[in-house]
Amino acid sequence: MSNPSLFVKMKTYAEINEKIKKGTAVVLTAEEVSEMAKTLSPKEIAEKVDVVTTATFGAMCSSGAFLNFGHANPPIRMERIELNGVRVSGGLAAVDTYVGATDCNPSSPAYGGAHIIEDLVNGKEIALEAWGKGTDCYPRKHIKAIITKDSINEAILYNPRNAYQNYNVATNTTDQIKYTYMGTLLPKMRNASYSSAGELSPLLNDPECRTIGLGTHIFLCGTEGYVTWNGTQFHSTKAVNEYGIPTSNARTIAVIGDLKNMTTKYLRGAYIEKYGVTLYVGIGIPIPVLDEDMARRLSIRNDQIETTVVDYGNGNQPLGKTNYAALQSGTIEINGHKVRTAPLSSLAKAREIAAILKSWIRKGDFLLSEPVRPMPVHTSLKALTGED
């Protein structure tokens, strides 16, 4: 018979939340737990720690915001909408729109939806112009107005694909510069770019999404938010290393939060040269240390997290594997070549977010929420086929 003393009693969300309310919960960042794991076993960590905060801050193109402007007098059914000269969605009934982060005016591609969202958060004035065909109930055909986040009814950040679980390292073996969403890639592997907070990254600390699902309470761009669904392009890959970590991009999450309460310290519009506009998003996720298995997952270190190096200049061909300790050192080796590395994401910002979330929980201002629906288990990606 097994000896019960060898195992840690599984904690519940209710028990951990009660400790948070009483101010007795032990809360650490993922980096702190990774350091602790050098001297303590997962069993000992599970006994000592209640919550681990994880975070990431990086470019998340699949982001955007729902806005409701309010009705004019006479009313208009907006079918074509521009904000600061950028065309946004007119397909949401009368006076609603969705501003996609990558929306832009082709004649001015360095400013787009992400910048509109940032400007709104900053309290700046935005020029609205809209057109409609005119109907009996919405007779107006055109309107010009100035809006701010305080003048409109709702501003809801809703991002359908964020916080990628791992991601490829990008390099370029060709003789020409390549301009990509992973940044500018110099010829003949003279640089490589990556985008992850490594051992601090949320979905790398809970690789099978045991605690991250529909309803998970998160830090989102300086305020509270929630996970609403599995993100688009979510897939539970079988390509994992010995620590159970996917070795390329895999799971994602969809998230929501009140844009009016966010801060541009953790939400920023950006332009990537000759690629386009994107939105930098700060996400922090608290992970409850429910048992020894979760403690083992949370003990992951940068040198144990592998990812795939991909040639973005030549058909996205895999070139090999590396790990985040090497990437963060500034140099990796690819097929005998030493290649300089640089992150697109900000580890410094991720550390700030993890620390802020830790302080919220320790003060009793932020409770954990148990998912009301888990993430899918067996999923795969479909490819689009078509003609030029």
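With a simple spin-label model that places each label point 7 Å from the Cα along the Cα-to-Cβ direction, the separation between Ala72 and Glu387 comes to 4.3 nm. Of the residues Pro74, Pro318, Pro288, the one that moves most in a GNM of the chain with alpha-carbon contacts below 10 Å is Pro74.
Within the straight-line cut-off of under 18 Å between alpha carbons, the aspartates and glutamates reachable from Lys19 are Glu47, Asp50, Asp291, Asp365, Glu370, sequence neighbours fewer than 8 places apart in one chain being disregarded. Basic side chains Lys and Arg get +1 at the Cβ, acidic Asp and Glu get -1 at the Cβ, and with that the dipole of the stretch 64-157 about its Cα centre reaches some 320 debye. Of the beta bridges in the chain, as assigned by DSSP with both residues counted there, near 90 percent are antiparallel. Computed from backbone phi, the HN-Hα couplings of the stretch 317-324 come to 7, x, 10, x, 10, 8, 10, 6 Hz, rounded to whole numbers (Karplus: 6.51 cos²θ - 1.76 cosθ + 1.60, θ = phi - 60°; Gly and Pro given as x). FRET efficiency for Thr24 and Glu208, Cβ-Cβ distance as r, R0 = 30 Å, nearest 0.05? FRET efficiency, Thr24 to Glu208: 0.55.
Taking Cβ atoms as reference points and 11 Å as the exclusive limit, the residues near Gly215 contribute a net charge of 0, counting Lys and Arg as +1 and Asp and Glu as -1. On a straight-distance basis, which lysines could pair with Lys22 in a cross-link, Cα separation under 23 angstrom, same-chain partners fewer than 8 positions away excluded? The qualifying lysines are Lys9, Lys11, Lys48, Lys358, Lys363. Taking the Cα centre of the chain as origin and assigning +1 to Lys and Arg Cβ atoms and -1 to Asp and Glu Cβ atoms, the resulting dipole is close to 220 debye. For the chain, modelled as a GNM whose springs connect Cα atoms under 10 angstrom apart, the maximal fluctuation among Thr56, Thr12, Thr102 occurs at Thr12.
Estimated at 0.36 nm per residue, the fully extended path between Lys133 and Thr263 surpasses their Cα-Cα distance by 43.1 nm. With a 10 Å cut-off between alpha carbons and a GNM built on the chain, which of Ala155, Ala93, Ala355 moves the most? Comparing Ala155, Ala93, Ala355 in the GNM, the peak value goes to Ala93.
Which length gain, in nm to one decimal place, applies between Tyr158 and Thr379 when the Cα-Cα distance is subtracted from 0.36 nm times their residue separation? Before the final figure, lay out each step's value.
Values: separation 221, 0.36 × 221 = 79.56 nm, distance 2.29 nm.
Working it through step by step, the gained length comes to 77.3 nm.
Just to be sure I follow: if Rg is taken over the C-alpha atoms of the stretch 301-388 and Rh is the Kirkwood radius over the same atoms, what is Rg/Rh?
On the way: Rg = 19.3 Å, Rh = 17.4 Å.
Reported Rg/Rh (Cα atoms, Kirkwood Rh): 1.11.
For the stretch 64-157, the tally of Lys pairs with Cα-Cα distances below 18 Å comes to 4, considering only residues 8 or more apart or on different chains.
Using alpha-carbon pairs under 8 Å, 6+ residues apart, how would you state the relative contact order of the stretch 64-157 in percent? Before the final figure, lay out each step's value.
Values: 212 pairs, mean separation 34.3, N = 94.
Dividing the mean separation by the residue count of the stretch 64-157 yields 37 percent.
The C-alpha atoms of the stretch 64-157 occupy a region whose extents along the principal axes are 39, 28, 19 Å, arranged from largest to smallest. Distance between the C-alpha centres of the stretch 46-61 and the stretch 131-194: 25 Å, rounded to the whole angstrom. Summary value for the chain: 24 percent relative contact order, contacts being C-alpha pairs under 8 angstrom separated by 6+ residues. Would you mind counting up the charge near Gly134? Only other residues with Cβ under 14 Å from its Cβ, with Lys and Arg at +1 and Asp and Glu at -1. Result for the local shell: +3. The percentage of C-alpha pairs in the chain whose separation is greater than 33 Å is 37%. Working note: 222 nm ellipticity from helices only, DSSP H runs with n ≥ 4, each -39,500 (n - 2.57), summed and divided by the residues of the chain, gives -4500 deg cm²/dmol to the nearest 500.
Laboratory data are not the source of any read-out in this text; all were calculated from the coordinates shown. If you're wondering where the values come from, they're calculated on a predicted model, not measured in any experiment. For neighbour counting, all protein chains shown are included, and Cβ atoms are generated from backbone atoms with ideal geometry for every residue, glycine included.
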